[in-house]
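A short write-up of the structure that comes next.
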Amino acid sequence: MYNPNYPSIEDLRERARRRIPRFAFEYLDGGCNEDVNLHKNTAELRVIELKPFYLSRHTASDTKTELFGHVYDAPFGIAPVGLQGLMWPGAPEILAKAALEHNIPFVLSTVTTASIERIGTLTEGRFWYQLYHPADNALRDDLLDRAEAAGCRVLVLLCDVPTFGYRPRDIRNGLAMPPKMTLRNILQIMGKPNWAIRTLLHGQPDFATMKKYMPKGLDIKQLGLYMNQTFSGRLNEEKIAPIRERWKGKLVLKGVASEQDTEMAIRLGLDGIIISNHGGRQLDAGQSTIRSLADIAPKYAGQIKIMMDSGIRSGPDIARTLARGAEFAFLGRSFMYGVAALGKEGAQHTISILKVQLKQVMEQICCAKVEDLPKHLI
């Protein structure tokens with residue numbers, strides 16, 4: 001059950017803003033450049049309208065959804081987010097546990113603060129892993145072997161970070177791992193004693209999955225150089241094909257925004273795509289994800305599983321996304337607002353809000369099954 005004091009995602013966002021240091025909140029909340037695509041994602045999604053059929057023979061609405069051979073309790077999952085432990089200590093572990101309990105997918109980022117092995121244990125192997133493509137094939141293969149050994153069900157290849165986005169807030173805040181201790185950042189931490197104490201007790205966050213490969217004692221500049229040298233974010237057919245051959249589980253391409261990339265994913269035998277623009281954090285001049293979905297879904301439905309993230313904040317947003325042709329939705333910021341706002345209870349609370357909101361929309365428009373939502377699209 002959800003906490004009635006915070007009945008909306010916006011309530012959680014506001015409490016998170018007040019509860020954690022500004023540099024951490026701005027990393028979570030911001031986009032790139034002038035935040036144009038960040039705001040456009042949600043604004044253009046919310047233009048979508050649904051038609052109710054009040055006199056139909058409706059008895060109940062079921063949110064269960066089959067995806068890649070598993071029946072989830074709801075058609076949404078927890079998207080990968082980097083540096084989660086910076087925003088709240090133990091955030092990825094909190095979210096992974098809640099995802100298992102609620103039977104929804106949790107996607108682990110390569111650059112978050114929990115290791116592949118830790119999340120594999122917490123989820124009993126029921127997790128997805130998002131791979132930032134390494135420049136070195138030996139490192140790539142070792143990460144794939146670790147994910148497979150941990151029981152990972154679905155491998156997600158990230159394709160929308162060929163270069164790191166220009167994010168003025170993060171530059172101003174000197175954000176790295178650990179964050180640069182400027183006087184301004186120190187004062188922000190002092191102003192959030194609960195966050196500071198919990199972080200101190202939990203331990204300084206780090207790139208847990210990458211820790212075994214990283215030289216010790218890197219300062220901020222050296223860390224940035226190491227990350228740039230280690231990862232080669234620009235994907236192409238030559239990089240994807242050997243991963244498809246090696247990885248025996250389901251393989252998904254995340255960051256798709258064009259018909260051309262969708263066609264390549266189908267040609268290479270991938271199982272799904274996630275239409276995404278990295279939450280508006282990479283290309284401010286790009287198209288909103290719902291616009292990309294509108295172009296891609298009608299043409300390629302049935303040929304590959306089509307999912308979407310970026311801009312989705314609420315249960316009605318999930319309903320809009322599925323009505324427009326996505327088969328599954330992922331949310332990142334909404335879950336992080338929940339954990340930053342309410343700690344360990346935040347993940348359960350956020351999932352509960354989204355489930356209740358989505359089911360209410362389906363009941364209101366007299367939609368019995370998730371796959372029937374497109375019939376209600378105006």
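Values quoted throughout were computed directly from the atomic coordinates according to the rules given, and no laboratory measurement underlies them. Computed from a predicted model, the values in this text were never measured in an experiment. Note that we place each Cβ from the backbone using ideal geometry, even for glycine, and neighbour counts take in every protein chain shown.
FRET efficiency for the pair Leu377 and Asn5, taken as 1/(1 + (r/R0)^6) with r the Cβ-Cβ distance and R0 = 41 Å, rounds to 0.75. What FRET efficiency comes out for Asp206 versus Ala60 if R0 is 56 angstrom and r is the Cβ-Cβ distance? Round to the nearest 0.05. E(calc), rounded to 0.05, equals 0.75. Relative to a virtual label point 7 Å from the Cα of Lys51 in the Cα→beta-carbon direction, which members of region 312-328 show backbone nitrogen distances below 15 Å? In region 312-328, the label zone of Lys51 (backbone N under 15 Å from the point 7 Å along Cα→Cβ) covers 323-324. Computed from phi, the 3J(HN,Hα) profile of region 250-258 under the Karplus parametrisation 6.51, -1.76, 1.60 (θ = phi - 60°) reads 6, 10, 10, 9, 10, x, 5, 9, 9 Hz, with x in place of Gly and Pro.
Note that region 68-84 has calculated 3J(HN,Hα) couplings of 6, x, 10, 9, 8, 6, 8, x, 9, x, 9, 6, x, 9, x, 6, 4 Hz, one per residue in order, obtained from phi through the Karplus relation 6.51 cos²θ - 1.76 cosθ + 1.60 (θ = phi - 60°); glycine and proline are x. Net charge dipole, the chain: roughly 820 debye, given to the nearest 20, about the Cα centre with Cβ charges of +1 for Lys and Arg and -1 for Asp and Glu.
Given the pairs Lys97/Lys212; Lys239/Lys375; Lys64/Lys250; Lys344/Lys375, which are separated by over 31 angstrom at their Cα positions? In this structure, Lys239/Lys375; Lys344/Lys375 exceed 31 Å between Cα atoms. For Asp62, nonlocal amide neighbours, meaning residues 5 or more places apart or on other chains whose placed amide H falls under 5 Å from its own, are Lys369, Val370.
Three semi-axes describe the equivalent ellipsoid of region 262-351; taken as square roots of 5 times the Cα gyration tensor eigenvalues and ordered largest first, they are 26, 14, 12 Å. Near Ala319: Cβ cut-off under 13 Å, other residues only, Lys/Arg at +1 and Asp/Glu at -1. The net charge is +4.
Highest mean first, the peptides 65-76, 287-298 sorted by other C-beta atoms within 10 Å per residue fall in the order 287-298, 65-76. By DSSP, what percent of the beta bridges with both residues in the chain are antiparallel, rounded to the nearest 5? Taking every DSSP beta bridge within the chain, about 15 percent pair in antiparallel fashion.
So for region 51-136, what percent of the C-alpha to C-alpha distances run longer than 15 Å? Result: 63 percent of Cα pairs exceed 15 Å. The separation of region 361-378 from region 8-23, counted between C-alpha centres, amounts to 32 Å. The simple spin-label model puts a point 7 Å past each Cα toward its Cβ; for Glu259 and Glu363 those points are separated by 4.1 nm. Computed as a quarter of the hull surface, the mean projected area of the alpha carbon convex hull for the chain stands at 17.8 nm². Across every direction, the projection of the convex hull enclosing the Cα atoms of region 317-361 has a mean area of 3.1 nm².
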